[in-house]
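Trainee: For reference, the structure I am asking about is given below.
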Amino acid sequence: MKKRIIAGNWKLYIEEVDAAKKLASTLKRARSKTPNIDLIVLPSATLLGTVAGALKGSNIAVGAQAIQPFQSGAYTGYVSPAAVKEVGATWALVGHSERRMQTIDGVPAAGESDEQVAAQVRAAHEAGLKVMLCIGEVERDPGGAHFSVIERQLSSALSPLAKTNIKLAIAYEPVWAIGKTSADAMKPADLEEMVIFIRRTLTELFDRAAAAKIPILYGGSVDASNAHELLTQGGVVGFLVGRASTDSKSCIELLKVCQG
Ligand code: PGA
């Protein structure tokens, strides 16, 4: 069976050291029963070192939810790829829609552009981090304009790296499906269509063999109730999971379903 990938995007759902350690040890215990899953945990920046320490030796990878392209010097408030690597991260999530948004809950937010995302992808790659690039349309368009959004996001972030051996995974997360209930998640047939499109676009950017190896994940209201059909009919190898990854019970249930 093909190895599956589950990445838990803790967002700001988990902010306290004790809660982070507790969830990390639950995952550590679950690890022996989920040999078919590559597990990645993405805590917020201040918890990265704690979680990486708690998961040491567990074969569960840790990644940063966001990084910036600057390495060292006069860059107040930025977190460099090298810094997250030093505390134990091996992955960087780049281009999440919550980083691309201009405002969240009416408050001005990071509003990261395609150019910023491209710079972050390059910096993460250069620092030796694996990149999980998030892409996704804000809304579906009956005329199919969402396919051009996806093509633009992929090409702008990846064309400069087309000739490199970048270690990459794509997390396709339609913004309209994020943070809702499983009933609002994407339908498997629509997902499969989009995965074929993403794979074709990757083939144009990389060579066919390299493109075929890039894992494509889905994210957006995944939990144990919809994971099986999305995995078996949606054409993805795994998920980027927000809310359901931050509660021990729902996370274990989801891992069981994905383990098969
Ligand atoms: P969700 O979040 O699973 O809570 O919808 C997914 C994500 O934004 O990565």
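The values are calculated or read from the model by the stated rules, or taken from the named source; none is laboratory data. Treat the numbers as computed from the prediction; the structure is a model and nothing was measured. Note: ideal-geometry Cβ built from the backbone for every residue, glycine included; neighbour counts use all protein chains shown.
Trainee: Please state which one of V222, V175 is in contact with a helix residue (DSSP H, G or I) (Cβ under 6 Å, 6 or more places away or on another chain), within 16 Å of the ligand (Cβ to nearest atom) and not hydroxyl-bearing (S, T, Y).
Mentor: Matching residue, one of V222, V175: V175.
Trainee: Only one of T34, T103, T50, T76 is in contact with a Leu (Cβ under 7 Å, 6 or more places away or on another chain) and of a type in the set (S, T, Y). Can you tell me which? Please lay out each step first, then the result.
Mentor: Working: T103 fails: in contact with a Leu (Cβ under 7 Å, 6 or more places away or on another chain); T50 fails: in contact with a Leu (Cβ under 7 Å, 6 or more places away or on another chain); T76 fails: in contact with a Leu (Cβ under 7 Å, 6 or more places away or on another chain).
Answer to the selection: T34.
Trainee: Identify, please: which residue in the stretch 231-256 is in contact with a Leu (Cβ under 8 Å, 6 or more places away or on another chain), among the aliphatic types (A, V, I, L, M) and assigned to a helix (DSSP H, G or I) and is, among those, nearest to the ligand (Cβ to nearest atom)?
Mentor: It comes out as A244.
Trainee: I'm trying to understand the selection: among the residues of the stretch 156-172, which are touching a residue at least 60 places away in the same chain (Cβ under 8 Å) and within 16 Å of the ligand (Cβ to nearest atom)? Please lay out each step first, then the result.
Mentor: First pass over the stretch 156-172, keeping only residues touching a residue at least 60 places away in the same chain (Cβ under 8 Å): 157, 169, 171-172.
Scanning the stretch 156-172 gives A169, A171, Y172.
Trainee: Report, ordered by the first and then the second residue, all pairs with beta carbons closer than 6 Å, sequence separation of six or more or different chains, a first member in the stretch 52-78 that is farther than 21 Å from E115 by Cβ, and a second member that is of a type outside the set (S, T, Y) and assigned to a loop (DSSP other than H, G, I, E, B).
Mentor: Sorted first by the residue in the stretch 52-78, then by its partner, the pairs are A52/V87; A52/G88; V62/G88; V62/A89; G63/A89.
Trainee: Follow-up question, since we're still on this one. Looking at E137, E86, which is the one that is over 18 Å from W10 (Cα atoms) and under 17 Å from the mean Cα position of the chain (by Cα)? First the steps, then the outcome.
Mentor: Numbers: E86 fails: under 17 Å from the mean Cα position of the chain (by Cα).
Answer to the check: E137.
Trainee: Considering A157, A183, which residue is small (G, A, S), in a helix (DSSP H, G or I) and surrounded by 21 or more Cβ atoms within 10 Å (Cβ to Cβ)? Quick ask: steps written out before the conclusion?
Mentor: On the way: A183 fails: surrounded by 21 or more Cβ atoms within 10 Å (Cβ to Cβ).
Matching residue, one of A157, A183: A157.
Trainee: Just to be sure before I move on: is K56 among the basic types (K, R), assigned to a loop (DSSP other than H, G, I, E, B) and within 16 Å of the ligand (Cβ to nearest atom) in the structure I sent? If you could, list the steps in order and put the result at the bottom.
Mentor: Working: among the basic types (K, R): yes; assigned to a loop (DSSP other than H, G, I, E, B): yes; within 16 Å of the ligand (Cβ to nearest atom): no.
No; evaluated as a whole, the condition is false for this residue.
Trainee: Collect the residues in the stretch 26-46 that are surrounded by fewer than 23 Cβ atoms within 10 Å (Cβ to Cβ) and under 18 Å from L12 (Cβ atoms), keeping them in residue-number order.
Mentor: Once the filter is applied, which keeps residues that are surrounded by fewer than 23 Cβ atoms within 10 Å (Cβ to Cβ) and under 18 Å from L12 (Cβ atoms), the stretch 26-46 yields S44, A45, T46.
Trainee: Does any residue of the stretch 103-125 turn out to be at pLDDT 95 or above, in a helix (DSSP H, G or I) and loosely packed, with under 13 Cβ neighbours inside 10 Å? Walk me through it before giving the result.
Mentor: Taking the stretch 103-125 first, the residues at pLDDT 95 or above are 103-125.
Filter once more, so that each one left must be in a helix (DSSP H, G or I): 114-125.
Those still in the list that are loosely packed, with under 13 Cβ neighbours inside 10 Å too: 115.
Looking through the stretch 103-125, at least one residue is at pLDDT 95 or above, in a helix (DSSP H, G or I) and loosely packed, with under 13 Cβ neighbours inside 10 Å.
Trainee: Go through (1) over 20 Å from V257 (Cα atoms); (2) under 18 Å from the mean Cα position of the chain (by Cα); (3) surrounded by fewer than 22 Cβ atoms within 10 Å (Cβ to Cβ) one by one and return the number of the condition H96 breaks.
Mentor: (3)
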